[in-house]
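For reference, the structure discussed in these notes is given below.
The values are calculated or read from the model by the stated rules, or taken from the named source; none is laboratory data. Source: prediction; values computed, not measured. All Cβ positions, even for glycine, are placed from backbone atoms using ideal geometry, and neighbour counts span all protein chains on display.
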Amino acid sequence: MTTKLERTFDLPYAPEAVMNAMRDPALIEKSERSRDALEVEVIVQEQTDTRHAYVVRSVSHARTVKGIDRNKTEENRTTVRWDLRSLRADWSWSGAHGNKVTVTGGYRVTPRGDGATLTLDTSIDVKIPVVGRVVEGKIKEGFEKAWPDYVRMVGEHAAYQAQATETGGG
């Protein structure tokens, strides 16, 4: 059974500034490292006036049903595909557990007054007998815990970019 999660956050920045902050490799790396990534690489697949697709390759300590195994590492990849005109992206995660763990989601940035609304969603499907639902719940808890910090980082990055643009530094 698939577990779904969606949360909406309001930010006092223009929608394009929010989207651009989310696509910035510096913010992507900061976000990954805040969740204990040991290595992070952003690999651009496509970048045009209307699309931006990239893969975030990260290496972290191995995650098991029992918790984090600091004696092993595993590589994860998140493929993100932005439609720059609609301010939307879809993403999919792949990791060491192959087709037993499927995690996908999306980002939607919409105008709200003088700012933007950022909607984050994810679907989690774990095909591991007996413990699959427990693992789905742990992954969901991880998103619930990480999203507010991530949105705070997006806001700080959007504010920094706006300030740099105003002062001629960006």
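A compact table of results
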item: Residue, farthest from Val135 (Cα to Cα), within region 64-85, restricted to residues that are crowded, with 16+ Cβ neighbours inside 10 Å and in contact (Cβ under 8 Å) with a residue 24 or more places away in the chain; result: Leu84
item: Of the criteria (1) modelled with pLDDT under 95; (2) within 19 Å of Thr8 (Cα to Cα); (3) crowded, with 16+ Cβ neighbours inside 10 Å, which one Ser60 fails; result: (2)
item: Selection count where residues are under 21 Å from Gln161 (Cα atoms) and either touching a helix residue (DSSP H, G or I) at 6+ places or on another chain (Cβ under 8 Å) or not charged (D, E, K, R) (or both), scope region 11-43; result: 20
item: Considering residues of region 11-65 that are among the basic types (Lys, Arg) and part of a strand (DSSP E or B) only, the residue nearest to His97 (Cα to Cα); result: Arg63
item: Meets criteria (closer than 19 Å to Ser92 by Cβ and acidic (Asp, Glu)) for Glu136; result: yes
item: Filter result (in contact (Cβ under 8 Å) with a residue 40 or more places away in the chain and either of a type in the set (A, V, I, L, M, F, W, C) or more than 30 Å from Thr64 (Cα to Cα) (or both)) within region 101-116; result: Val109, Thr110, Pro111, Arg112, Asp114, Gly115, Ala116
item: Count of residues meeting criterion [aliphatic (A, V, I, L, M) and under 13 Å from the mean Cα position of the chain (by Cα)] in region 74-107; result: 3
item: Residue in region 20-40 that is within 22 Å of Ala158 (Cα to Cα), in contact with a Ser or Thr (Cβ under 6 Å, 6 or more places away or on another chain) and either surrounded by 13 or more Cβ atoms within 10 Å (Cβ to Cβ) or not hydroxyl-bearing (Ser, Thr, Tyr) (or both) present; result: yes
item: Entirely in region 72-170, the strands (runs of 3 or more DSSP E) that have 1 or more residues that are modelled with pLDDT under 95 and in contact with an Asp or Glu (Cβ under 9 Å, 6 or more places away or on another chain); result: 101-112, 115-126
item: Residue identified as buried (at least 17 other Cβ atoms within 10 Å of the Cβ) and not hydrophobic (A, V, I, L, M, F, W, C) among Thr110, Thr122, Thr117; result: Thr122
item: Failed item in (1) within 14 Å of Arg7 (Cα to Cα); (2) exposed (fewer than 14 other Cβ atoms within 10 Å of the Cβ); (3) in contact with a helix residue (DSSP H, G or I) (Cβ under 8 Å, 6 or more places away or on another chain), with Glu141 passing the rest; result: (3)
